[in-house]
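Below is one structure, written out as structure tokens; the observations come after it.
The values are calculated or read from the model by the stated rules, or taken from the named source; none is laboratory data. What you are looking at is a predicted structure, and each value in this text was computed from that prediction instead of being measured. A quick note on method: Cβ atoms are made from the backbone with ideal geometry, for glycine too, and the neighbour counts reach across all protein chains shown.
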Amino acid sequence: MLDIKFIRENAEAVKANCIRRKYPADIDAILQLDADIRRLTGEIDEMRAERNRLSKLCGADPEARERVKAMKSTLAEKEEACADSQKKLYELISFMPNMLADDVPDGDDDSGNVELRKEGTIREFNFKVRDHQELGELCDILDIARGAKVAQSGFYYWKGKGAMLAQALYFWVQKELVAKGFTMFMTPCAAKERTLFGTGYLPFFADQTYNLANEDLALIGTSEQTLVGYHADDLLNADELPLKYTALTPCFRTESGSYGRASRGIFRVHQFHKVEQIIFCRPEESPKWHDFCLENEEMILKKLNIPYHVVNVCVGDLGAPGYKKYDIEAWFPAFGTYREVTSNTNLTEFQSQRLNIKFKDGDQRKYVHTISATAATDRLIIAIMETYQQEDGSIVVPEVLRPYTGFDIIEPVKK
């Protein structure tokens, strides 16, 4: 969330940012509301001081008592007007998007994302490539039909060696992150409205949220929500920063977008698993830690030997809370293209303002910056399946995962 002081001091830049992000904000009206609040606050302070002065005279001065009584209703009216204006201002600012980094590309959707680099060699196959759904059925490691039977379309089972491969990937990824200084968590899978609002998922992604009936709770769409919310209203010590957290959780999203060929299998689903990287840091250091998370994502893809490219996400594909975002898209042989497997966003102080997360730096209290970056999801498993498939439908396990799976290959089930 943008600070009103920042808006006041950078009005033209905020206007330009809202135009670029296609957000219809009336910045002049916001500034006028802010001016009204400051005027009312000044008048209220003056009236309270005068009331307090007169109150000391009331015992001996009947006129003072009458003046205090007369001030009571006027003061109450001003306090109510000020409170209403403050509420309105907070609501208006809450819907405003974050500022953008200078190097965020123009563009209306993901077609405007700018490729920064390619890594890895795309494998050439001398046989007909199968997609992950067909491979999963051949090897009996992925059951989409029964997921739909038990829940609905968009839910699925990993089973047998598929479940073991998934567990191996997530354990290995977390082990790599812990070696990089991350603290591992197991978090709740539900969060209050304030947590979702504080992390920017409300109101901006309300249509992606599964709400629990008759509860101030929703299923989480990412452990970003619970890991960032962990420090709501906390005052952190500057010497502790950066704080680096990671968690593996199931994630739940309505995925109200389009379905079709691009969503065959489990690429776009209602429930999936994800390992997240979360960092709380000093404001001046957030670009460095944003790059650090990207390095971790690339390290994982490189050690798995999966080809990928990195893109700088354009303004039209960047969520309202984001200041700058990198996506890594892995090569999916069956799709014949790169598709997103991780995202990495510098949110600056957008979340910390909403959740009141500050750090103490000498005599000053400042808002931390937060970074949210994917380390691994089920999409990475299906990239492994398609990349490491063999002609007979078997799947070779990447070398780095074999100590954790206990097997080197997943073979088709004989029928």
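What residue, of 355, 380, 318, is crowded, with 17+ Cβ neighbours inside 10 Å, within 30 Å of residue 237 (Cβ to Cβ) and within 28 Å of the chain's Cα centre (by Cα)?
355
Which residues, taken from segment 150-191, are more than 23 Å from the chain's Cα centre (by Cα) and at pLDDT below 95?
152, 153, listed by residue number.
So which strands (runs of 3 or more DSSP E) are wholly in segment 323-401 and hold at least 1 residues that are closer than 18 Å to residue 163 by Cα? Don't jump to the end; show me each part of the working.
Numbers: elements: 324-332, 337-346, 358-361, 364-367, 369-377.
Those strands (runs of 3 or more DSSP E) span 369-377.
Residues are listed down the side, and each one gets a yes or a no for (1) basic (Lys, Arg); (2) in the same structural domain as residue 170 (by TED's automatic domain parsing); (3) over 27 Å from residue 108 (Cα atoms); (4) in contact with a Lys or Arg (Cβ under 7 Å, 6 or more places away or on another chain):
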site: 284; (1), (2), (3), (4): no, yes, yes, no
site: 310; (1), (2), (3), (4): no, yes, no, yes
site: 328; (1), (2), (3), (4): no, yes, no, no
site: 340; (1), (2), (3), (4): no, yes, no, no
site: 364; (1), (2), (3), (4): no, yes, yes, no
site: 372; (1), (2), (3), (4): no, yes, no, no
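Is at least one residue of segment 342-350 modelled with pLDDT of 95 or more, surrounded by fewer than 24 Cβ atoms within 10 Å (Cβ to Cβ) and touching a His at 6+ places or on another chain (Cβ under 8 Å)? Please lay out each step first, then the result.
Filtering segment 342-350 for residues modelled with pLDDT of 95 or more gives 342-350.
Within this subset, residues satisfying the condition of being surrounded by fewer than 24 Cβ atoms within 10 Å (Cβ to Cβ) are 343, 349.
Of the ones still in play, those that are also touching a His at 6+ places or on another chain (Cβ under 8 Å) are 349.
Yes: one or more hits.
Within segment 293-300, can one find any residue that is in the same structural domain as residue 185 (by TED's automatic domain parsing), more than 29 Å from residue 404 (Cα to Cα) and in contact with a Leu (Cβ under 9 Å, 6 or more places away or on another chain)?
To start, the set of residues in segment 293-300 that are in the same structural domain as residue 185 (by TED's automatic domain parsing) comprises 293-300.
Subset that is more than 29 Å from residue 404 (Cα to Cα): none.
So far as segment 293-300 goes, no, none of its residues is in the same structural domain as residue 185 (by TED's automatic domain parsing), more than 29 Å from residue 404 (Cα to Cα) and in contact with a Leu (Cβ under 9 Å, 6 or more places away or on another chain).
For segment 177-209, which residues satisfy the criterion of being among the hydroxyl-bearing types (Ser, Thr, Tyr) and surrounded by fewer than 15 Cβ atoms within 10 Å (Cβ to Cβ)? Before the answer, list the steps.
Step one: filter segment 177-209 for residues among the hydroxyl-bearing types (Ser, Thr, Tyr), giving 183, 187, 195, 199, 201, 209.
Of everything in segment 177-209, just one residue is among the hydroxyl-bearing types (Ser, Thr, Tyr) and surrounded by fewer than 15 Cβ atoms within 10 Å (Cβ to Cβ), namely 183.
I'd like the full set of residues that are of a type in the set (A, V, I, L, M) and under 30 Å from residue 6 (Cα atoms), limited to segment 29-75.
The first filter runs over segment 29-75 and keeps only residues of a type in the set (A, V, I, L, M), leaving 29-31, 33, 35, 37, 40, 44, 47, 49, 54, 57, 60, 64, 68, 70-71, 75.
Listed by number, the residues that qualify are 29, 30, 31, 33, 35, 37, 40, 44, 47, 49, 75.
Return the only residue of 22, 15, 5 being in a helix (DSSP H, G or I), out of contact with any Phe, Trp or Tyr (no Cβ under 9 Å at 6 or more places or on another chain) and either of a type in the set (Ser, Thr, Tyr) or loosely packed, with under 15 Cβ neighbours inside 10 Å (or both).
Details: 22 fails: in a helix (DSSP H, G or I); 15 fails: either of a type in the set (Ser, Thr, Tyr) or loosely packed, with under 15 Cβ neighbours inside 10 Å (or both).
Only one candidate passes the filter, namely 5.
Taking the residues in segment 140-184 that are of a type in the set (S, T, N, Q) and in a helix (DSSP H, G or I) as candidates, determine which candidate is nearest to residue 227 (Cα to Cα). Before the answer, list the steps.
Residues of segment 140-184 of a type in the set (S, T, N, Q): 152-153, 167, 174, 183.
Filter once more, keeping what is in a helix (DSSP H, G or I): 167, 174.
Working: 167: 21, 174: 15 Å.
Here the residue is 174.
Residue under question is residue 68, and the condition is that it be of a type in the set (Val, Ile, Thr), under 23 Å from the mean Cα position of the chain (by Cα), surrounded by 15 or more Cβ atoms within 10 Å (Cβ to Cβ) and part of a helix (DSSP H, G or I); does it hold?
Numbers: of a type in the set (Val, Ile, Thr): yes; under 23 Å from the mean Cα position of the chain (by Cα): no; surrounded by 15 or more Cβ atoms within 10 Å (Cβ to Cβ): yes; part of a helix (DSSP H, G or I): yes.
Against the criterion (of a type in the set (Val, Ile, Thr), under 23 Å from the mean Cα position of the chain (by Cα), surrounded by 15 or more Cβ atoms within 10 Å (Cβ to Cβ) and part of a helix (DSSP H, G or I)), residue 68 does not qualify.
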